[in-house]
Amino acid sequence: PYSWNGKTYNASGTYKDTLVNAQGCDSITTLQLTVKSASTSTTSTSLCPSALPYSWNGKTFNASGIYKDTLVNAQGCDSIATLQLTVKTASFSTTTTSICNSNLPYSWNGKSYNAAGTYKDTLVNAQGCDSIATLQLTVKSVSTSTTNISICPSALPYSWNGKSYNAGG
């Protein structure tokens, strides 16, 4: 409340009070009280981590939360500004794949890869933020072996790995 001549007032208006002046006569005083209004505002913002830090009213923010700032409005009164900041999540995934050399090139996320390695691709997730996908591609080596066999012609045909052979070679 506003206090004037020993009385309190809680609202705008014109108020009169009769007092006694220094000469002992009535002194009519008038108070024209204007209660200016405070203001409030709320800003709701959602953004991806790549847009951090977020700047608002000269301050920077790096995490989701509700932040308040007291400013002065056009009437000279408090203006309580509220920021509702939501930082959406980025996503990360790793695909580990081992293939034989004969399966090259390997296709992943619309791209072809011809050698073993770690590859990254930046996509967009359902929230509209970065989705960092990692491919760990291993290309298995081809193996070879040699089997030396000596047999007599009477042992032909010779069967090896499910195939039959009728002559040396």
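Key figures
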{"item": "Condition check for residue 41: in contact with a Cys (Cβ under 9 Å, 6 or more places away or on another chain), in contact (Cβ under 8 Å) with a residue 24 or more places away in the chain, open to solvent by less than 70 Å² (accessible area, probe 1.4 Å) and within 26 Å of residue 73 (Cα to Cα)", "result": "no"}
{"item": "Members of the range 43-57 found to be more than 25 Å from residue 126 (Cα to Cα) and at pLDDT below 95, listed by number", "result": "57"}
{"item": "Residue satisfying all of: in the range 96-133; open to solvent by 50 Å² or more (accessible area, probe 1.4 Å), within 23 Å of the chain's Cα centre (by Cα) and of a type in the set (S, T, N, Q); nearest to residue 48 (Cα to Cα) among these", "result": "127"}
{"item": "Total residues in the range 106-129, condition part of a strand (DSSP E or B) and touching a Phe, Trp or Tyr at 6+ places or on another chain (Cβ under 9 Å)", "result": "8"}
{"item": "Output for the range 1-37, where each listed residue is open to solvent by 70 Å² or more (accessible area, probe 1.4 Å), within 54 Å of the chain's Cα centre (by Cα) and small (Gly, Ala, Ser)", "result": "3"}
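The values are calculated or read from the model by the stated rules, or taken from the named source; none is laboratory data. Everything numeric in this text was worked out from a predicted model, so none of it was measured. Note that each Cβ is placed from the backbone with ideal geometry, even for glycine, and that neighbours are counted across all protein chains shown. Areas reflect the complete protein model, heavy atoms only, side chains present, ligands, DNA and RNA absent. Shrake-Rupley method; radii C 1.70, N 1.55, O 1.52, S 1.80 Å.
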